[in-house]
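Every number in this text was worked out from the coordinates using simple rules, so none of it is lab data. Keep in mind that this is a model prediction, so the values were computed, not measured. Don't worry about glycine lacking a Cβ; one is built from the backbone with ideal geometry, like all the others, and counts go over all protein chains shown.
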Amino acid sequence: MSTAPPLFSVIIPTYNRPTQIRACLESLTQLNYPRDQFEVIVVDDGSDRPIETDVAPFFESLNLKLIRQENAGPAAARNRASQQARGKYLAFTDDDCKPADDWLQALEACFAKAPNQIVGGRTVNALSNNPFSMTSQNIISMGYAHYNAIPDQARFFASNNMVVPADRFRELGGFDESFTTSEDRELCDRWLHYGYRMTYAPEVVIYHAHPMTLQSFWRQHFSYGRGAFRFHQARSRKGWGHFKLEGNYYLNLLRYPFVNGQGRQGLILTAVLFVSQVANAAGFFWEMLQPQDSSQFEAASALKPMKQSSNLPG
């Protein structure tokens, strides 16, 4: 393979999901893109069983690097990978995602037009028979319709299909590691605050396969509520604005299954959507009642640029 830096560094955090990371890496071997133009960095975020044997079959077919760290969360894992990444652009995805074959081709075309912007793509739910997975995707899709209605004035991308210019990402200090959820929301908000722009590109597609039960669904959206409270509190501490409830957004969210061709499942999906919002609100208010560590917020509000490191273990 060429020793010249690749255009893209594909970064994938993983934790206790060996089956998913194997499937994700297998999908990357199918990308219709020159192998010397992208590298793949997998960060094992302290899995109970190290994943060396799971990723080993892919070292020959991909320009692959494996990093292992103590469990610190996906934000820290992505930041760790970004310090070793050689690519001009950092392409973040998750271990339960499979990019479309033309994923990097579509991204290259986007960056040819807007080289210094974050590009966010479209996520497609791969589990159409799971109402909890469908609902989680509906929430993201509705959020994109709301925040990214004007594609070149986008305001939010999820980190499973978000691609950033590496130098600017490091300049801003990367993801805020004090967040275990909503770290993507916080990065987008900080990016825009400093005057940078974001572009939504629905042709940049990944397929998301995250099976869920009612219990795991509740747990996920409770965590999202906690992250939402921390996000709004961090913004308030920095003087960037205060929380405002957008009533129309939530009404449109509950109507979303019916206006997007999911009529036969509409009642079920709307009921599941309602559960998600109750869980989200419960997490929000639970976090509100917890003692807050002001030093953590102060440290997070003063993120320093990340330095490129050449001596971290691979």
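Computed quantities for the displayed model
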| item | result |
| --- | --- |
| Candidates Arg22, Arg49, Arg78, ranked by Gaussian network fluctuation over the chain, Cα under 10 Å, top entry | Arg49 |
| Considering only the chain, percent of DSSP beta bridges that pair antiparallel, nearest 5 | 25 |
| GNM flexibility winner over the chain from Leu289, Leu25, Leu273 (Cα, springs under 10 Å) | Leu289 |
| Calculated FRET efficiency for the pair Leu192/Ala4, C-beta based, R₀ 51 Å, to 0.05 | 0.95 |
| Förster-model FRET efficiency, 41 Å R0, Ala149 and Leu214, C-beta, rounded to 0.05 | 0.80 |
| Gyration tensor verdict on the stretch 37-166 (Cα atoms; rounded if a/c is under 1.5, prolate if a/b is larger than b/c, oblate otherwise) | oblate |
| Axial C-alpha extent at least 27 Å, average Kyte-Doolittle at least -1.0 - helices from the chain (DSSP) | 266-288 |
| Cβ-Cβ FRET estimate between Val259 and Asn129, R0 fixed at 22 Å, reported to 0.05 | 0.55 |
| Anchor Lys113: aspartates and glutamates whose Cα lies under 15 Å away (excluding residues fewer than 8 positions away in-chain) | Asp152, Glu203 |
| Selected from Glu287, Glu60, Glu177 as most flexible by GNM, with the chain as the system and alpha-carbon contacts under 10 Å | Glu60 |
| Segment Phe59-Phe285, length gained on full extension (0.36 nm per residue, minus Cα span) | 76.8 nm |
| For the stretch 8-300, convex hull volume per residue from C-alpha positions, Å³ | 133 |
| Cα gyration tensor shape for the stretch 143-256, rounded if a/c is under 1.5, else prolate or oblate | rounded |
